[in-house]
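**Student:** Structure in structure tokens, see below.
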Amino acid sequence: MIGIDVYGLLERFAVKSQSPAIEVGIFVKALQSYAQRNEDELPEMDEWAAKPAELFRENIIPYEKQKKVKFFTDVRGMEQVFLPEIFVTMLSNDYAMVENDTSLPFPDEKKYEGVVPPEFLRQIDVYDELNVYFERPQSTNLPILKLVLHNSLSGIFVLAPDLPRRVLEIAIIKIRAFLRTHGNSEFYTHRLTASSEGRANLIKDMINQIESRPVECVTEIESGADNINIFWLNFCSSVRSQFELKTNFENEDVAVMQSIVIIEALCSYYKVNAVYQRNKTLGLQALESKLRHTPFYHTL
């Protein structure tokens with residue numbers, strides 16, 4: 001490499017521009033300007049100032065082979081260079097902010113529109129494909145998971161190791177913040193109690209648990225228990241019906257709707273999984289019982 005750490009400059013350029021993809025033409029011009037400013041002190045900069053595009057291509061090849069960069073053409077026909085590791089770092093930072101600020105929505109495709117090549121995304125429909133995904137879950141950060149939420153919501157980006165536990169925890173925490181504002185806790189307690197005869201105590205306990213012990217909510221959802229599943233599906237449906245009346249959505253509203261879909265989808269997944277495990281256990285018990293009787297007992 002002659003004179004300039006191209007990949008290091010790309011990383012700094014991406015961080016400064018807050019985008020994992022950089023327009024090649026703009027970056028080459030920046031390289032040339034950098035070289036021209038340093039020509040007097042560093043003689044090797046002369047060549048970079050004279051032919052920045054050519055030297056950029058030569059010096060970026062090793063990183064392209066290592067899959068640390070990917071060239072692609074965006075919808076405008078402009079050539080971009082994408083940095084996967086920077087994207088992972090940015091998404092990690094996004095989730096740290098989303099976790100700490102309950103008014104922020106999950107990072108979605110709008111935020112990174114046009115700057116992520118399709119091969120770095122794995123699309124999962126939360127209502128139709130979670131069961132299949134969790135049969136063989138991805139353990140690596142790449143490709144990034146894009147969860148399709150429907151309900152007029154943009155797909156959200158998720159790092160695979162964060163799904164499902166951390167994503168569900170964040171969703172519950174956002175619902176807690178929602179319940180603590182504008183009297184929503186009392187409103188939904190009354191609304192759900194009125195429509196669910198005989199479940200008043202459960203509803204009050206669940207609302208209280210969301211507000212005071214959100215992590216316990218996650219553990220109970222993971223159990224797939226019938227009463228927990230029924231509460232959450234009714235709660236999500238109730239919140240959705242209220243939000244359908246709104247015409248203007250703030251960030252906080254989007255965060256709530258994203259969380260509702262995430263909770264609803266994961267409740268359904270855990271419920272199906274619990275039924276499967278229960279049937280599997282019952283099937284094995286029935287088989288063991290049969291094997292204890294003739295003719296199997298004497299044969300085996």
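The values are calculated or read from the model by the stated rules, or taken from the named source; none is laboratory data. Being a predicted model, the structure only gives us computed values, none of them experimental. Note that we place each Cβ from the backbone using ideal geometry, even for glycine, and neighbour counts take in every protein chain shown.
**Student:** Hey, does the range 57-64 have a residue that's within 30 Å of ILE262 (Cβ to Cβ) and surrounded by 16 or more Cβ atoms within 10 Å (Cβ to Cβ)? Talk me through it step by step, then tell me what you get.
**Tutor:** Keep residues of the range 57-64 that are within 30 Å of ILE262 (Cβ to Cβ), which gives none.
Taking every residue of the range 57-64 in turn, none turns out to be within 30 Å of ILE262 (Cβ to Cβ) and surrounded by 16 or more Cβ atoms within 10 Å (Cβ to Cβ).
**Student:** Moving to a separate point now. Among the residues of the range 191-227, which ones are free of Cβ contacts under 8 Å to residues at least 12 places away in the same chain, part of a helix (DSSP H, G or I) and of a type outside the set (Asp, Glu)?
**Tutor:** Within the range 191-227, THR193, ALA194, ALA200, ASN201, ASN208, GLN209, SER212, THR219 qualify.
**Student:** Go through PHE187, PHE178 for me and flag whichever is farther than 25 Å from TYR269 by Cα, of a type outside the set (D, E, K, R) and part of a helix (DSSP H, G or I).
**Tutor:** Values: PHE178 fails: farther than 25 Å from TYR269 by Cα.
The conditions single out PHE187.
**Student:** Now, a different point. Return the only residue of GLU288, GLU252 being surrounded by fewer than 11 Cβ atoms within 10 Å (Cβ to Cβ) and either among the acidic types (Asp, Glu) or at pLDDT 85 or above (or both). Steps first, answer last, please.
**Tutor:** Values: GLU252 fails: surrounded by fewer than 11 Cβ atoms within 10 Å (Cβ to Cβ).
Sole residue among the options that is surrounded by fewer than 11 Cβ atoms within 10 Å (Cβ to Cβ) and either among the acidic types (Asp, Glu) or at pLDDT 85 or above (or both): GLU288.
**Student:** I want to confirm something. Restricting to the range 1-35 and keeping residues that are among the small types (Gly, Ala, Ser) and in a helix (DSSP H, G or I), which single residue is surrounded by the fewest Cβ atoms within 10 Å (Cβ to Cβ)?
**Tutor:** As a first pass, look at the range 1-35 and keep what is among the small types (Gly, Ala, Ser): 3, 8, 14, 17, 19, 21, 25, 30, 33, 35.
Those still in the list that are in a helix (DSSP H, G or I) too: 8, 14, 17, 25, 30, 33, 35.
Working: GLY8: 9, ALA14: 23, SER17: 14, GLY25: 12, ALA30: 14, SER33: 12, ALA35: 22.
Out of the qualifying residues, it is GLY8.
**Student:** While we're on this one: Tally the residues that are touching a helix residue (DSSP H, G or I) at 6+ places or on another chain (Cβ under 8 Å) and in a helix (DSSP H, G or I), restricting the search to the range 134-144.
**Tutor:** The qualifying residues number 1.
**Student:** With respect to the numbered conditions (1) surrounded by fewer than 20 Cβ atoms within 10 Å (Cβ to Cβ); (2) touching a residue at least 12 places away in the same chain (Cβ under 8 Å); (3) among the aromatic types (Phe, Trp, Tyr), which one is the sole condition not fulfilled by PHE187?
**Tutor:** (2)
**Student:** Among the listed residues THR102, THR89, which satisfies the condition of being assigned to a loop (DSSP other than H, G, I, E, B) and either modelled with pLDDT of 95 or more or buried (at least 17 other Cβ atoms within 10 Å of the Cβ) (or both)? Explain how you work it out, then say what you get.
**Tutor:** Numbers: THR89 fails: assigned to a loop (DSSP other than H, G, I, E, B).
Criteria check complete, one pass: THR102.
**Student:** State which residue pairs qualify: first residue crowded, with 17+ Cβ neighbours inside 10 Å and inside the range 233-247, second residue of a type in the set (Asp, Glu) in any location, beta carbons under 8 Å apart, and separation of 6 or more residues or different chains.
**Tutor:** As it stands, the answer is CYS236/GLU264, since those pairs meet every condition given.
**Student:** Another one. Do we find that LEU147 is in a strand (DSSP E or B), under 11 Å from the mean Cα position of the chain (by Cα), surrounded by 16 or more Cβ atoms within 10 Å (Cβ to Cβ) and touching a residue at least 24 places away in the same chain (Cβ under 8 Å) in this structure? Quick ask: steps written out before the conclusion?
**Tutor:** Working: in a strand (DSSP E or B): yes; under 11 Å from the mean Cα position of the chain (by Cα): yes; surrounded by 16 or more Cβ atoms within 10 Å (Cβ to Cβ): yes; touching a residue at least 24 places away in the same chain (Cβ under 8 Å): yes.
Yes; evaluated as a whole, the condition is true for this residue.
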